[in-house]
1. Of all residues being charged (D, E, K, R) and without any contact (Cβ under 8 Å) to a residue 60 or more places away in the chain in the range 222-267, which is nearest to Pro202 (Cα to Cα)? Just the residue, please.
2. Yes or no: Phe280 touching a residue at least 12 places away in the same chain (Cβ under 8 Å) and closer than 30 Å to Lys221 by Cβ?
3. Do any residues in the range 175-189 that are under 25 Å from Gln341 (Cα atoms) and at pLDDT 95 or above have Cβ atoms under 6 Å from those of residues that are among the hydroxyl-bearing types (Ser, Thr, Tyr) and not in a loop (DSSP other than H, G, I, E, B), where the two are at least six apart or on different chains, and which pairs are they?
4. Based on what the data block shows, is Thr335 more than 26 Å from Arg314 (Cα to Cα) and at pLDDT below 95?
5. Please determine whether any residue of the range 301-321 is touching a Pro at 6+ places or on another chain (Cβ under 7 Å) and within 17 Å of Thr255 (Cβ to Cβ).
6. Within the range 126-151, track down each residue that is surrounded by fewer than 24 Cβ atoms within 10 Å (Cβ to Cβ) and over 19 Å from Lys279 (Cβ atoms).
7. Listed residues Ala271, Ala263; which is within 28 Å of Asp320 (Cα to Cα) and in contact with a Ser or Thr (Cβ under 7 Å, 6 or more places away or on another chain)?
8. Spot the failing condition for Gly368; the list is (1) within 22 Å of Phe234 (Cβ to Cβ); (2) out of contact with any Ser or Thr (no Cβ under 9 Å at 6 or more places or on another chain), and only one is missed.
Amino acid sequence: MTTENSNCNVSGVSRRNFLRTLGAASAAAAALPAAAAFAQQAAPQAAVGQARRRDFGSDMGETRVMNPNTVIISSNENPLGPASSSLEAISKTASLGGRYHQEISAQTVAAFNEIYGLKRGYSALFPGSGGPLDLALMSNIGPDKPLVMADPSYEQGTRAAQAMKAPLFAVKLTPTYAHDVKAMLAAHPSPGAYYIVNPNNPTGTMTPKADIMWLLKNKPKGSVVIVDEAYFHFSTDDSMLDQVAADQDLIVMRTFSKIYGMAGLRAGFAAGRPDLLMKFATVAQPARSLASISITSAAGAKAALQDKDLIATRRKINADNRSETLEFLSKKGYTVLPGSQANFFMVDVKRPGHDFQQQMMKEEVAIGRTWAAMPTYVRVTVGTKDEMAKFQTAFVKCMDTAPTPGPVNGASLYLPTHYTPSELFRGEFHG
């Protein structure tokens, strides 16, 4: 395979300096108001011993303080973990850890570009996708450049709008739980960005590529469409990456945290025209200490990309476990939101979702949170066959238990006494 030249130019800036700038901006973005503002709104309700949560991030699981027997199906992680091909590459690369070896990251970028038909400079590799998602959002919105997104959808868009003091227009999903692109277009005459999560989080449902193409064609000049394809590999639909290659006003996010099972290893891509990626550096001034992906994570990501059977195999495992669970719930008469093509689904528990979350924790099953637009629905990650069997038993037991009296308050997030993992947080505990 031909590797990318680490010194090739992108709009007059060397590839190496470009990536360093992006890495620095990613690190600096973590200190921006998005995290701080959200932290103030969602302060922990309880502590475990002397511990407390301090650092809020974007798409990383929080530190876990719970019974080791607990089934964790709350963070949309892949219980299969990294593929054997990735583990082998990580093991071989670890011995090189005494040096920086930037060429390993360059090789991973080259592999990504080759697979998806992208030219040099059209993608950048990061430690995870949360940082670059912030950069993609924040570099295109502001007080005079609103953000348009769906409701419900992944809250990182909301937090980015708060941080940048950008007006936010949240548009309801269609009756089939797709992004309503025509309503999104009508929401504002000249937004800075449209944010589309596909499959959507938390519904798991797809927005047809034709709809996103329509939005790209009809959107106002100067607006950017940001498509978050974190869960795309679990679906059977078409990606938008070919439109990046076609030089559209588009940024596509990809992560290795989901189907590739590398959530704790941190690897992700942002793909877009070089001018759109270069704008990331405008979010924050470069720091002296530069953030970059580790060589082991880069090597593991490259191996995963080149593992030809990995996606199809894992997609089927997820689909089989999801279908079996949904069939069980439907036969029991429970209401499941239809159409998920992701590694999670939503189910109506007929009570405040956070109360049900607590009940399930007592059964040693950690499920996901609820959203303000759907306060009685909880999100459940698809785990292994055995984990979903335990979920089914616990779910029926909790549904047969009388709900705690009280109104449905529509809270978008509940932080229980046991810190349930969530891709919203990067958790740190301090004594």
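The values are calculated or read from the model by the stated rules, or taken from the named source; none is laboratory data. This is a predicted model, so every value here is computed, not measured. FYI the Cβ positions are ideal-geometry reconstructions off the backbone, even for glycines, and counts take in every protein chain you see.
1. Glu229
2. On the way: touching a residue at least 12 places away in the same chain (Cβ under 8 Å): yes; closer than 30 Å to Lys221 by Cβ: yes.
Yes: the conditions hold for Phe280.
3. Note: pairs meeting the criteria are Met184/Tyr194.
4. So Thr335 fails the test.
5. Taking the range 301-321 and keeping what is touching a Pro at 6+ places or on another chain (Cβ under 7 Å), we get none.
Looking through the range 301-321, none of the residues is touching a Pro at 6+ places or on another chain (Cβ under 7 Å) and within 17 Å of Thr255 (Cβ to Cβ).
6. The answer is Pro127, Asp151.
7. Details: Ala271 fails: within 28 Å of Asp320 (Cα to Cα).
Just a single option satisfies the conditions, and that option is Ala263.
8. Answer for Gly368: the failing condition is (2).
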